[in-house]
1. Being modelled with pLDDT under 95 and open to solvent by 30 Å² or more (accessible area, probe 1.4 Å) is the requirement here; does G97 meet it?
2. On the given criteria, is K99 in contact with a helix residue (DSSP H, G or I) (Cβ under 7 Å, 6 or more places away or on another chain) and of a type in the set (D, E, K, R)?
3. Pairs under 9 Å by beta carbon, first residue under 20 Å from F19 (Cβ atoms) in segment 104-118, partner among the aromatic types (F, W, Y) and surrounded by 21 or more Cβ atoms within 10 Å (Cβ to Cβ), six or more apart or different chains?
4. Checking the conditions here, which among L31, L20, L70, L49 is touching a residue at least 12 places away in the same chain (Cβ under 8 Å) and of a type outside the set (S, T, N, Q)?
5. Condition first: exposed (fewer than 12 other Cβ atoms within 10 Å of the Cβ) and β-branched (V, I, T). Now tell me which residues in segment 1-60 satisfy that.
Amino acid sequence: MAAIANFTVALVALLHLWFLVLEMFLWNRPLGLRTFRLTPEFAAASKALAANQGLYNGFLAAGLAWGLVLGDAGNWIKIFFLGCVIVAGVFGALTVGRKILWVQALPGAVAMVFVLLG
């Protein structure tokens, strides 16, 4: 069970690294515009805000990676950062769009269940 837990935590960390790349570096590029359904004008105006948001996603990924490096001793760290992922996903779903619930909160919740069971 611990291997499945670590695998799902690693997937969530990789997702958040991808979110970092999308928000910090691809926000106003074609992939970022399509992914977030942005107009070029809105992307240009919100680029700094998106980069800040991407940095936070990087911190979530780093925290999850830290928990993974520590192995079983890092379970509380994994739980904390997965909790942050879930809360951010639920808040995003309520304030931005329901899709965030499925893309961010659900993977975090699945990983949380496996960590708690492991």
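The values are calculated or read from the model by the stated rules, or taken from the named source; none is laboratory data. Note that the structure is predicted; figures quoted are calculated from it, not measured. Positions of Cβ are generated from backbone atoms using ideal geometry, with glycine treated the same way; all protein chains shown enter the neighbour counts. Protein only, heavy atoms only, side chains kept; ligands, DNA and RNA dropped before computing areas. Shrake-Rupley method; radii C 1.70, N 1.55, O 1.52, S 1.80 Å.
1. Working: modelled with pLDDT under 95: yes; open to solvent by 30 Å² or more (accessible area, probe 1.4 Å): no.
Spelling it out, it is not the case that G97 is modelled with pLDDT under 95 and open to solvent by 30 Å² or more (accessible area, probe 1.4 Å).
2. Details: in contact with a helix residue (DSSP H, G or I) (Cβ under 7 Å, 6 or more places away or on another chain): no; of a type in the set (D, E, K, R): yes.
Judged against the criteria, K99 is not a match.
3. As it stands, the answer is G108/F81, since those pairs meet every condition given.
4. On the way: L31 fails: touching a residue at least 12 places away in the same chain (Cβ under 8 Å); L70 fails: touching a residue at least 12 places away in the same chain (Cβ under 8 Å); L49 fails: touching a residue at least 12 places away in the same chain (Cβ under 8 Å).
Answer to the selection: L20.
5. T39
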